[in-house]
Amino acid sequence: MQLTLVIHALTAGGAERVMSIMANYWAAKGWNITIVTMDDGSIPPFYDLDTRIQHIPLGLATKSPNFIWATWHNLRRVFILRKTIYQLKPDAVISFLDTTNVLTLLATQSLKIPVIVDEQNHPAMYSIGRSWEKLRELTYPQASRVVAVTARALSYFSLAIQSRGSVIPNPALSVKLDENSATPKLEKPFLIAIGRLEEQKGFDILLQAFEQVADSYPEWKLIILGEGSLRPQLESLVHQLNLAKRVHLKGVVKNPFSFLQQAEFFVMSSRYEGFPNALCEAMACGLPVIATDCPSGPQEIIRNNVDGILVPSEDVSALAAAIKRLISDEEERKRLASRATEVTERFSLEKVMNMWETLLAEVISERKKL
C-alpha cells in the first residue's frame, strides 16, 4: 500500500500526534508512507517518525498580508500540492485538518485518487473564516470519505457531507512509563492539565476554579503543560488570583507521561474539542480525570462517575466542586483510577487502525469501479 498523508506541519499538537501514530503503524507494516507538509521542514518533527517514512516539505506556509496575496498563495499551494501528489501516485491520500483538507481536495480534482479528509476538531465550535467554510462546504462532498472523531462532530455538516461521512475515534495508546526519565521529581501533590494556551482550552476557567479551592488545600499545586498565544494573559491571571506560587506553566514537553505519572489527577477545562488526546493519555496512565462536557469528545471517552467526572462546560463553580471532590477524597481518586486504563481497550490502536484500513479498502475499491 502506498499512502500520502497531508498536514500543515509536523509540530506539537493533537492532530499531528495522531497522524504520526498512524504513519508509524503503517510504516511498521511495510507500507510506503509519504508525509507532505506545507512548511519548509526547517523545524524537525516534534513526534518521532519511522525512518522509512518519506517527508516532503513544500515550503508554502508563508503568511499573506491581504486577500489578494492570500488568494495567490493558496492557488500556488494547490498547484504545487497537485504536482507532488501526481508524481507520488499513491493508492490513496489522507488529509488532516480543515483548510489543508480543502486545499488537498482542490489539488486532487480529476486525479482519480481516493481522498479521505480527517476533521480533528468540532467544526461548529472552531471557525476557519467565512471563505474557508464556504470552500469546505463545496469541496467536502467531493471527498471519498469525511472522517470525524465523533458522531456529534459529523452531525454538524450538511447532509451532502454526512453522506460521505465516517466516524473513527483517535487511538488511546497503552503507556509504558519510563522509570529512568530525566524529568526531576516534582513537588507533590499536584493536579495537571495539558493543552495549547489558547481560548479553546479554557485555562482561564481552570485557574478561576483552582483559586476557589486553593486556600482550603494550601499544599496542592497546579501544573499546566503547553504553549500558546495566551501565555501573557494567563500569567497575568495567575498573579491577579494570587496563585504565583501554586500554578506552574511548564510549556511544551516532549514526554508528558513523566509528569502525568507523578500527578494525583488530570483536569480538562476545554470550551470545545474533537477527540481530546491528552484526556486519553491521562486515563491511559491510570489517572482519575475531570473534564468539561464540551462538544465533543469527553462524553464519548469518559463514563461519568465510573472512570472520570464530567462537569458542565464553562461552569467555574462546577469545575471547582469537582476538583475539591478529588482533592478531598483519596478513595474516590483510587476508585476512578482503577477503571481509567480501560480507555486503552475501548479505543485501542488495533481497533482504530482496523477501522482506517477497512475504510481505505472501501474507497480504493470504489475508485477502481469508476
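The values are calculated or read from the model by the stated rules, or taken from the named source; none is laboratory data. What you see is a predicted model; the values in this text were computed from it and never measured. For neighbour counting, all protein chains shown are included, and Cβ atoms are generated from backbone atoms with ideal geometry for every residue, glycine included.
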Q.
Condition first: in contact with a Lys or Arg (Cβ under 7 Å, 6 or more places away or on another chain) and outside any helix (DSSP H, G or I). Now tell me which residues in the range 204-223 satisfy that.
A. 221, 222, 223
Q. Any residue in the range 110-119 that is at positive phi, touching a helix residue (DSSP H, G or I) at 6+ places or on another chain (Cβ under 7 Å), in contact (Cβ under 8 Å) with a residue 12 or more places away in the chain and not assigned by TED's automatic domain parsing to the domain that holds residue 270?
A. yes
**Q.** Which numbered condition residue 299 misses (of (1) more than 17 Å from residue 149 (Cβ to Cβ); (2) surrounded by fewer than 18 Cβ atoms within 10 Å (Cβ to Cβ))
**A.** (1)
**Q.** Scan of the range 109-128 for residues that are polar (S, T, N, Q) and over 13 Å from the mean Cα position of the chain (by Cα), ordered by number
**A.** 109, 110, 127
Q: Hey, could you check the range 113-124 for residues that are modelled with pLDDT of 95 or more and assigned to a loop (DSSP other than H, G, I, E, B) and say which is surrounded by the fewest Cβ atoms within 10 Å (Cβ to Cβ)?
A: 113
**Q.** Residue among 317, 270, 338 that is part of a loop (DSSP other than H, G, I, E, B), hydroxyl-bearing (Ser, Thr, Tyr) and not assigned by TED's automatic domain parsing to the domain that holds residue 92
**A.** 270
Q | Among residues of the range 152-165, those that are in contact (Cβ under 8 Å) with a residue 60 or more places away in the chain and surrounded by fewer than 19 Cβ atoms within 10 Å (Cβ to Cβ), counted | A | 1
Q | Hits in the range 306-333 - residues which are without any contact (Cβ under 8 Å) to a residue 12 or more places away in the chain and over 18 Å from residue 209 (Cα atoms) | A | 330, 331
Q: State whether the residues of the range 228-248 include one that is outside any loop (DSSP other than H, G, I, E, B), in contact with a helix residue (DSSP H, G or I) (Cβ under 6 Å, 6 or more places away or on another chain) and in contact (Cβ under 8 Å) with a residue 40 or more places away in the chain.
A: yes
(Q) Name the residue that is farthest from residue 231 (Cα to Cα), counting only residues in the range 242-299 that are of a type in the set (Asp, Glu) and at pLDDT below 95. (A) 281
Q) Can you tell me which residues in the range 98-112 are of a type outside the set (D, E, K, R) and crowded, with 22+ Cβ neighbours inside 10 Å? A) 100, 101, 102, 103, 104, 105, 107, 108
Q. Taking interchain pairs and intrachain pairs at least six residues apart, which have beta carbon atoms under 6 angstrom, with the first residue in the range 63-78 and not assigned by TED's automatic domain parsing to the domain that holds residue 135 and the second surrounded by 14 or more Cβ atoms within 10 Å (Cβ to Cβ) and not in a loop (DSSP other than H, G, I, E, B)?
A. none
**Q.** Filter pass, residue 316 being of a type outside the set (Gly, Ala, Ser), surrounded by 15 or more Cβ atoms within 10 Å (Cβ to Cβ) and touching a Cys at 6+ places or on another chain (Cβ under 7 Å)
**A.** no
Q. So, of the residues in the range 342-370 that are polar (S, T, N, Q) and in a helix (DSSP H, G or I), which turns out to be farthest from residue 302 (Cα to Cα)?
A. 365
